[in-house]
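These notes are about the structure you will find just below.
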Amino acid sequence: MNPVSQRINEGVRKVPTWLLYVLAVIPPALLFYNGVVGNLGIDPVKKMEHQIGLYGLWALIATLSVTPLRRFARINLLKFRRALGLIAFFYISCHLAVWLFLDVQIWSQIWADIVKRPYITIGMGAFVLMIPLAVTSNNWSMRRLRKNWGKLHKLVYPAVLLGGIHFIMLRKGIQLEPLIYLGVIVLLLLLRLPPISKVRSPARA
Ligand code: HEM
(Lines give C-alpha, C1' and ligand atoms only; values in the text may rest on other atoms or scores of the structure.)
Protein backbone atom coordinates (compact mmCIF):
# COMPACT_ATOMS: atom_id res chain seq x y z
CA MET A 1 0.00 0.00 0.00
CA ASN A 2 1.36 3.45 -0.83
CA PRO A 3 2.13 5.78 2.10
CA VAL A 4 -0.61 8.29 1.16
CA SER A 5 -3.36 5.64 1.25
CA GLN A 6 -1.89 4.33 4.50
CA ARG A 7 -1.98 7.80 6.09
CA ILE A 8 -5.56 8.34 4.93
CA ASN A 9 -6.66 4.94 6.28
CA GLU A 10 -5.01 5.67 9.64
CA GLY A 11 -6.79 9.04 9.79
CA VAL A 12 -10.13 7.48 8.81
CA ARG A 13 -9.86 4.96 11.65
CA LYS A 14 -9.87 7.82 14.15
CA VAL A 15 -13.01 9.53 12.79
CA PRO A 16 -16.23 8.25 14.37
CA THR A 17 -19.10 7.58 11.97
CA TRP A 18 -21.56 9.58 14.06
CA LEU A 19 -19.55 12.70 13.25
CA LEU A 20 -20.50 12.31 9.59
CA TYR A 21 -24.20 12.33 10.47
CA VAL A 22 -23.76 15.45 12.60
CA LEU A 23 -21.77 17.29 9.90
CA ALA A 24 -24.30 16.25 7.22
CA VAL A 25 -27.08 18.19 8.91
CA ILE A 26 -25.15 21.47 8.75
CA PRO A 27 -25.40 22.26 4.97
CA PRO A 28 -29.22 21.93 4.68
CA ALA A 29 -29.68 23.69 8.05
CA LEU A 30 -27.52 26.60 6.85
CA LEU A 31 -29.36 26.69 3.55
CA PHE A 32 -32.71 26.82 5.32
CA TYR A 33 -31.46 29.51 7.69
CA ASN A 34 -30.16 31.61 4.77
CA GLY A 35 -33.51 31.18 3.03
CA VAL A 36 -35.39 32.39 6.09
CA VAL A 37 -33.18 35.44 6.64
CA GLY A 38 -33.31 36.39 2.95
CA ASN A 39 -29.75 35.55 1.89
CA LEU A 40 -30.71 33.35 -1.06
CA GLY A 41 -31.60 35.96 -3.66
CA ILE A 42 -34.91 36.60 -5.37
CA ASP A 43 -36.04 32.97 -5.52
CA PRO A 44 -34.94 31.32 -2.26
CA VAL A 45 -37.14 28.25 -2.75
CA LYS A 46 -35.58 27.41 -6.14
CA LYS A 47 -32.13 28.03 -4.70
CA MET A 48 -32.83 25.65 -1.79
CA GLU A 49 -34.36 23.05 -4.10
CA HIS A 50 -31.37 23.10 -6.45
CA GLN A 51 -28.70 23.15 -3.76
CA ILE A 52 -30.20 20.25 -1.76
CA GLY A 53 -30.60 18.30 -5.03
CA LEU A 54 -26.88 18.81 -5.60
CA TYR A 55 -26.04 17.74 -2.03
CA GLY A 56 -28.02 14.55 -2.66
CA LEU A 57 -26.17 13.88 -5.89
CA TRP A 58 -22.79 14.50 -4.22
CA ALA A 59 -23.65 12.13 -1.38
CA LEU A 60 -24.81 9.45 -3.84
CA ILE A 61 -21.60 9.80 -5.85
CA ALA A 62 -19.56 9.65 -2.63
CA THR A 63 -21.40 6.43 -1.66
CA LEU A 64 -20.65 4.93 -5.06
CA SER A 65 -16.96 5.94 -4.82
CA VAL A 66 -16.24 3.89 -1.69
CA THR A 67 -15.76 0.55 -3.48
CA PRO A 68 -13.57 1.81 -6.37
CA LEU A 69 -11.45 3.84 -3.93
CA ARG A 70 -10.79 0.72 -1.91
CA ARG A 71 -10.20 -1.48 -4.94
CA PHE A 72 -8.01 0.80 -6.98
CA ALA A 73 -6.41 3.19 -4.45
CA ARG A 74 -6.51 1.04 -1.30
CA ILE A 75 -8.31 3.85 0.52
CA ASN A 76 -10.74 2.22 2.91
CA LEU A 77 -13.83 4.32 3.65
CA LEU A 78 -16.07 1.29 4.06
CA LYS A 79 -17.09 2.25 7.59
CA PHE A 80 -18.69 5.43 6.18
CA ARG A 81 -20.58 3.81 3.29
CA ARG A 82 -23.84 3.20 5.11
CA ALA A 83 -23.78 6.71 6.59
CA LEU A 84 -23.11 8.23 3.15
CA GLY A 85 -26.04 6.34 1.64
CA LEU A 86 -28.36 7.41 4.45
CA ILE A 87 -27.16 10.99 4.18
CA ALA A 88 -27.91 10.89 0.42
CA PHE A 89 -31.42 9.66 1.25
CA PHE A 90 -31.82 12.41 3.83
CA TYR A 91 -30.77 15.11 1.33
CA ILE A 92 -33.04 13.78 -1.41
CA SER A 93 -35.93 13.61 1.09
CA CYS A 94 -35.25 17.28 1.96
CA HIS A 95 -35.11 18.07 -1.79
CA LEU A 96 -38.49 16.36 -2.25
CA ALA A 97 -39.90 18.13 0.83
CA VAL A 98 -38.84 21.55 -0.52
CA TRP A 99 -40.53 20.70 -3.81
CA LEU A 100 -43.73 19.48 -2.08
CA PHE A 101 -44.14 22.02 0.69
CA LEU A 102 -42.43 25.16 -0.56
CA ASP A 103 -42.46 24.95 -4.35
CA VAL A 104 -45.61 23.23 -5.63
CA GLN A 105 -47.71 23.42 -2.43
CA ILE A 106 -50.94 22.68 -4.34
CA TRP A 107 -51.65 19.01 -3.64
CA SER A 108 -53.77 18.49 -6.77
CA GLN A 109 -50.81 19.73 -8.84
CA ILE A 110 -48.31 17.30 -7.35
CA TRP A 111 -49.57 14.13 -9.02
CA ALA A 112 -50.03 15.99 -12.34
CA ASP A 113 -46.39 17.16 -12.16
CA ILE A 114 -45.10 13.67 -11.35
CA VAL A 115 -46.97 12.19 -14.31
CA LYS A 116 -46.59 14.97 -16.86
CA ARG A 117 -43.07 16.26 -16.30
CA PRO A 118 -40.61 13.52 -17.30
CA TYR A 119 -37.74 14.94 -15.20
CA ILE A 120 -39.97 14.82 -12.10
CA THR A 121 -41.07 11.26 -12.97
CA ILE A 122 -37.41 10.22 -13.25
CA GLY A 123 -36.42 12.01 -10.02
CA MET A 124 -39.35 10.39 -8.23
CA GLY A 125 -38.29 7.00 -9.64
CA ALA A 126 -34.82 7.52 -8.17
CA PHE A 127 -36.31 8.46 -4.79
CA VAL A 128 -38.66 5.44 -4.74
CA LEU A 129 -35.70 3.12 -5.48
CA MET A 130 -33.85 4.60 -2.52
CA ILE A 131 -36.66 3.92 0.00
CA PRO A 132 -36.05 0.13 0.42
CA LEU A 133 -32.32 0.84 0.71
CA ALA A 134 -32.82 3.33 3.53
CA VAL A 135 -35.35 1.07 5.30
CA THR A 136 -33.04 -1.97 5.18
CA SER A 137 -29.80 -0.19 6.00
CA ASN A 138 -29.82 -1.49 9.59
CA ASN A 139 -27.96 -4.53 11.00
CA TRP A 140 -31.20 -6.40 11.69
CA SER A 141 -32.28 -6.22 8.00
CA MET A 142 -28.77 -7.16 6.93
CA ARG A 143 -28.95 -10.33 9.02
CA ARG A 144 -32.51 -11.17 7.94
CA LEU A 145 -31.95 -10.63 4.22
CA ARG A 146 -28.48 -12.24 4.12
CA LYS A 147 -27.37 -12.61 0.47
CA ASN A 148 -30.49 -10.82 -0.76
CA TRP A 149 -29.36 -7.70 1.11
CA GLY A 150 -26.47 -7.24 -1.29
CA LYS A 151 -28.73 -7.85 -4.28
CA LEU A 152 -31.32 -5.37 -2.99
CA HIS A 153 -28.69 -2.73 -2.38
CA LYS A 154 -27.64 -2.87 -6.01
CA LEU A 155 -30.73 -0.69 -6.50
CA VAL A 156 -28.42 2.21 -5.70
CA TYR A 157 -27.01 1.85 -9.25
CA PRO A 158 -30.25 2.60 -11.14
CA ALA A 159 -31.15 5.18 -8.48
CA VAL A 160 -28.00 7.25 -8.98
CA LEU A 161 -28.23 6.83 -12.76
CA LEU A 162 -31.80 8.17 -12.70
CA GLY A 163 -30.61 11.03 -10.45
CA GLY A 164 -27.98 11.96 -13.07
CA ILE A 165 -30.52 11.73 -15.92
CA HIS A 166 -32.99 13.84 -13.91
CA PHE A 167 -30.31 16.54 -13.64
CA ILE A 168 -29.64 16.51 -17.41
CA MET A 169 -33.35 16.67 -18.23
CA LEU A 170 -34.21 19.57 -15.95
CA ARG A 171 -31.54 21.85 -17.41
CA LYS A 172 -32.61 23.62 -20.59
CA GLY A 173 -30.64 22.56 -23.66
CA ILE A 174 -27.43 20.58 -23.47
CA GLN A 175 -25.30 21.77 -20.56
CA LEU A 176 -21.86 20.64 -19.51
CA GLU A 177 -22.33 20.47 -15.71
CA PRO A 178 -25.01 17.74 -15.59
CA LEU A 179 -23.21 15.84 -18.37
CA ILE A 180 -20.04 15.79 -16.26
CA TYR A 181 -22.03 14.41 -13.31
CA LEU A 182 -23.55 11.69 -15.49
CA GLY A 183 -20.09 10.90 -16.90
CA VAL A 184 -18.71 10.44 -13.37
CA ILE A 185 -21.69 8.25 -12.42
CA VAL A 186 -21.29 6.07 -15.54
CA LEU A 187 -17.55 5.75 -14.86
CA LEU A 188 -18.18 4.71 -11.25
CA LEU A 189 -20.66 2.09 -12.47
CA LEU A 190 -18.33 0.82 -15.22
CA LEU A 191 -15.57 0.33 -12.64
CA ARG A 192 -17.81 -2.30 -11.05
CA LEU A 193 -17.98 -4.44 -14.17
CA PRO A 194 -16.13 -7.73 -13.53
CA PRO A 195 -13.39 -7.31 -16.20
CA ILE A 196 -12.45 -3.90 -14.79
CA SER A 197 -13.03 -4.58 -11.10
CA LYS A 198 -10.71 -7.63 -11.30
CA VAL A 199 -7.79 -5.52 -12.50
CA ARG A 200 -5.19 -5.63 -9.75
CA SER A 201 -4.12 -2.26 -8.42
CA PRO A 202 -0.37 -1.46 -8.47
CA ALA A 203 -0.31 -1.62 -4.68
CA ARG A 204 -1.59 -5.18 -4.75
CA ALA A 205 0.42 -6.43 -7.70
C1 HEM B 1 -31.88 10.75 -6.57
C2 HEM B 1 -32.83 11.64 -6.70
C3 HEM B 1 -32.61 13.07 -7.13
C4 HEM B 1 -31.45 13.74 -7.41
C5 HEM B 1 -30.02 13.23 -7.36
C6 HEM B 1 -31.82 15.10 -7.75
C7 HEM B 1 -30.93 16.08 -8.09
C8 HEM B 1 -31.28 17.34 -8.52
C9 HEM B 1 -30.36 18.36 -8.95
C10 HEM B 1 -28.85 18.16 -8.97
C11 HEM B 1 -31.08 19.45 -9.30
C12 HEM B 1 -30.61 20.74 -9.96
C13 HEM B 1 -29.51 21.49 -9.39
C14 HEM B 1 -29.11 22.64 -10.28
O15 HEM B 1 -29.76 22.96 -11.29
O16 HEM B 1 -28.11 23.24 -9.93
C17 HEM B 1 -32.47 19.13 -9.09
C18 HEM B 1 -33.50 20.00 -9.33
C19 HEM B 1 -34.82 19.69 -9.17
N20 HEM B 1 -35.32 18.49 -8.73
FE21 HEM B 1 -34.27 16.87 -8.22
N22 HEM B 1 -33.19 15.22 -7.66
C23 HEM B 1 -33.70 14.00 -7.28
C24 HEM B 1 -35.01 13.72 -7.04
C25 HEM B 1 -36.05 14.59 -7.19
C26 HEM B 1 -37.41 14.35 -6.82
C27 HEM B 1 -37.91 13.08 -6.13
C28 HEM B 1 -38.13 15.45 -7.17
C29 HEM B 1 -39.59 15.72 -7.01
C30 HEM B 1 -40.51 14.83 -7.11
C31 HEM B 1 -37.22 16.41 -7.74
C32 HEM B 1 -37.56 17.65 -8.23
C33 HEM B 1 -36.69 18.61 -8.67
C34 HEM B 1 -37.08 19.93 -9.10
C35 HEM B 1 -38.51 20.47 -9.19
C36 HEM B 1 -35.91 20.61 -9.43
C37 HEM B 1 -35.78 22.04 -9.93
C38 HEM B 1 -36.15 22.15 -11.36
C39 HEM B 1 -36.23 23.60 -11.83
O40 HEM B 1 -35.19 24.20 -12.09
O41 HEM B 1 -37.33 24.12 -11.91
N42 HEM B 1 -35.95 15.86 -7.72
N43 HEM B 1 -32.56 17.84 -8.62
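The values are calculated or read from the model by the stated rules, or taken from the named source; none is laboratory data. No experiment lies behind these values; they were computed from the predicted model shown. A quick note on method: Cβ atoms are made from the backbone with ideal geometry, for glycine too, and the neighbour counts reach across all protein chains shown. Accessible surface areas use protein heavy atoms only, side chains included; no ligands, DNA or RNA. Shrake-Rupley method; radii C 1.70, N 1.55, O 1.52, S 1.80 Å.
Mind checking the dipole of the chain: about its Cα centre, +1 per Lys or Arg Cβ, -1 per Asp or Glu Cβ, Debye to the nearest 20? Write down the numbers at each step before the final one.
Numbers: 25 positive and 6 negative charges, 282 e Å.
In debye, rounded to 20, the chain gives about 1360.
Taking the chain as a Gaussian network, Cα atoms linked when under 10 Å apart, which of 169, 142, 48 shows the biggest mean-square fluctuation?
Top of the fluctuation ranking is 142.
Could you check which residue among 144, 117, 192 shows the biggest mean-square fluctuation in a GNM of the chain with a 10 Å Cα cutoff?
Evaluated over the chain, the most mobile residue of the options is 144.
Each label point is 7 Å from the Cα along the Cα-to-Cβ direction; what then is the distance between the points at residue 169 and residue 108, in nm?
2.5
List the lysines whose alpha-carbon lies under 19 Å from that of residue 47, not counting same-chain residues fewer than 8 positions away?
The reachable lysines, counting only those whose Cα sits under 19 Å from residue 47, are 172.
Check every DSSP H run in the chain and write down those whose alpha carbon atoms cover 15 angstrom or more along the long axis and whose mean Kyte-Doolittle hydropathy is 0.5 or greater. Before the final figure, lay out each step's value.
On the way: long enough: 3-14 (17 Å, -1.11); 17-36 (30 Å, 1.56); 44-73 (41 Å, 0.37); 81-97 (24 Å, 1.13); 118-135 (26 Å, 1.87); 156-170 (21 Å, 1.89); 176-190 (21 Å, 2.48).
Going by DSSP H runs, the hits are 17-36, 81-97, 118-135, 156-170, 176-190.
How much accessible area per residue does the range 84-205 have, counting only protein heavy atoms and a probe of 1.4 Å, in square angstrom? Please report the intermediate quantities before stating the final value.
On the way: 7560 Å² over 122 residues.
Normalised by residue count, the accessible surface of the range 84-205 is 62 Å².
If you roll a 1.4 angstrom probe over the protein chains with everything in place, what fraction of the accessible area of the chain belongs to carbon and sulfur, to the nearest %?
Accessible surface attributable to carbon and sulfur in the chain totals 69 percent.
Taking a 29 Å limit on the Cα-Cα distance, which of the listed pairs 14/151; 46/79; 79/147 fall beyond it? Walk me through the numbers on the way to the answer.
Numbers: 14/151 31 Å; 46/79 34 Å; 79/147 19 Å.
Exceeds cut-off: 14/151; 46/79.
Report the chymotrypsin sites (Phe, Trp or Tyr not before Pro) located in the range 1-66 that are in a DSSP loop and have at most 16 other Cβ atoms inside 10 Å of their Cβ, or state none.
For chymotrypsin sites (Phe, Trp or Tyr not before Pro) across the range 1-66 that sit outside H, G, I, E and B with at most 16 neighbouring Cβ atoms in 10 Å, the list is empty.
Enumerate the calculated ³J(HN,Hα) couplings along the range 143-149 in order (Karplus 6.51 cos²θ - 1.76 cosθ + 1.60, θ = phi - 60°), each rounded to whole Hz, writing x wherever the residue is Gly or Pro.
5, 5, 7, 6, 5, 5, 4
Can you figure out the FRET efficiency of residue 131 with residue 15, using R₀ = 22 Å and their beta-carbon distance, to the nearest 0.05?
Details: r = 28 Å, r/R0 = 1.29.
About 0.20, to the nearest 0.05.
At what distance in angstrom do the alpha carbon centres of the range 58-95 and the range 1-44 lie from each other?
Centre-to-centre distance over Cα atoms comes out at 13 Å.
For residue 191, list long-range residues whose amide hydrogen, built 1.01 Å from N in the peptide plane, is under 5 Å from its own amide hydrogen.
Counting only residues 5 or more places away or on other chains, the set is empty.
Which of 93, 65, 161 sits closest to the plus end of the dipole of the chain, meaning its Cα is farthest towards the positive end, when Lys and Arg get +1 and Asp and Glu get -1 on the C-beta?
65
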